[in-house]
Amino acid sequence: MRIVAFASNGRQSWGVLQDSVVHDLGAVTGLAGLGEALRSGRYEAALGAVGTAPTIELSQLQLDPPVVDPHKILCVGLNYADHIREMGRELPAKPVIFTRFPDTLVGSGEPLVAPRNSTRFDYEGEFAVVIGKGGRHVAAGDALDHVLGYTIMNDGSLRDYQRHTAQFTPGKNFPRSGALGPWIVTADEFGEVGPQRIRTSVNGVTVQDSRLEELVFGVADLIAYITEWTALEPGDVIATGTPGGVGDGREPALFLFPGDVVRIEIDGLGALTNPVAEEA
């Protein structure tokens, strides 16, 4: 099953995508988004309304990030061996975790905003996890039971601001500098994580090409580690890190500028595509 979020006639909504048609669950449930449905315990009941929900052609919608109201967006740095090498870092003993804010993300098709106070705007194609069942101290063996599904993130990074201090936060949280989507594919449909290919292209040229089996810390290990120190809630998002090939690791460096187009594709999830626009 594929879950999307969108705005329709000034109303925030969400629904289920079947072929090219979106079933508008917000219209029949009063729930504005997936996160609200999960946290209120009404998610399963909402899915039961798919057959009676009004429908909209996908082509008529501008998609939002599929979770518009996550309580936490946790991102993992240095989680592919090739990316660790290109950034000149050592293999981490524990996951490197930093946070993003919801207002830093746009949906598929929306422009990423290149900030006017930096010329080091980088792309990062990432596999992202959406939590369906919250918890604390979740064992790795039980962790996948807490996953609702998976989506794609562009963890857009301002490399100069990222390196102002040892903390990544400033370089990862410029408004509308990243993207999430185009939809969530539920875990039962996606299957076991591992052999799927992840690719990023800039202006049609492939710049990242790897497989999810190259993750240093897998989905279950990340959930187990994160819930050692914080509770995960339904609707929370974990971005699992980016493979090698980022612009900052290239010679010469390859950064994003207005007019560029970034496409991130993961087998089984589709493609997240965003143009780059100038900051107003």
Inset, instruction - Answer yes or no as to whether A253 is surrounded by fewer than 21 Cβ atoms within 10 Å (Cβ to Cβ) and closer than 20 Å to V67 by Cα. - result: no
Legend entry - Residue list for segment 187-222, filter: over 14 Å from the mean Cα position of the chain (by Cα), β-branched (V, I, T) and surrounded by 14 or more Cβ atoms within 10 Å (Cβ to Cβ): V193, V202, V207, V216
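If you take the residues in segment 104-130 that are of a type outside the set (A, V, I, L, M) and in contact with a Lys or Arg (Cβ under 6 Å, 6 or more places away or on another chain), which one is nearest to V261 (Cα to Cα)?
The selected residue is D122.
Yes/no matrix, rows are residues, columns are (1) assigned to a strand (DSSP E or B); (2) of a type in the set (D, E, K, R):
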{"residue": "P70", "(1), (2)": "no, no"}
{"residue": "C75", "(1), (2)": "yes, no"}
{"residue": "D82", "(1), (2)": "no, yes"}
{"residue": "K94", "(1), (2)": "no, yes"}
{"residue": "F98", "(1), (2)": "yes, no"}
{"residue": "G109", "(1), (2)": "no, no"}
{"residue": "V130", "(1), (2)": "yes, no"}
{"residue": "H137", "(1), (2)": "no, no"}
Inset, instruction - Kindly state which helices (runs of 4 or more DSSP H) lie completely within segment 17-66 and contain at least 3 residues that are closer than 24 Å to A239 by Cβ. - result: 34-39
Legend entry - Condition met for S8 (modelled with pLDDT under 95, under 28 Å from P111 (Cβ atoms) and either of a type outside the set (D, E) or surrounded by 17 or more Cβ atoms within 10 Å (Cβ to Cβ) (or both)): yes
Inset, instruction - Determine whether segment 239-256 contains at least one residue that is in contact with a Pro (Cβ under 7 Å, 6 or more places away or on another chain) and assigned to a loop (DSSP other than H, G, I, E, B). - result: no
Inset, instruction - Residue by residue through segment 129-158, note down the ones that are surrounded by fewer than 18 Cβ atoms within 10 Å (Cβ to Cβ), in contact with an Asp or Glu (Cβ under 9 Å, 6 or more places away or on another chain) and over 25 Å from G33 (Cβ atoms). - result: H137, A140
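Condition check ((1) within 18 Å of the chain's Cα centre (by Cα); (2) crowded, with 16+ Cβ neighbours inside 10 Å; (3) outside the structural domain of Q167 (by TED's automatic domain parsing)) across all residues:
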site: S13; (1), (2), (3): no, yes, yes
site: D19; (1), (2), (3): no, no, yes
site: A27; (1), (2), (3): no, yes, yes
site: G35; (1), (2), (3): yes, yes, yes
site: E44; (1), (2), (3): no, no, yes
site: E57; (1), (2), (3): no, no, yes
site: I84; (1), (2), (3): no, yes, no
site: P92; (1), (2), (3): no, no, no
Legend entry - Candidates G26, G77, G33, filtered to the one that is at negative phi, in contact with a strand residue (DSSP E or B) (Cβ under 6 Å, 6 or more places away or on another chain) and at pLDDT below 95: G77
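The values are calculated or read from the model by the stated rules, or taken from the named source; none is laboratory data. Model, not experiment: these values are computed from the prediction. With ideal geometry, Cβ positions are generated from the backbone for all residues, glycine too; neighbour counts draw on all protein chains shown.
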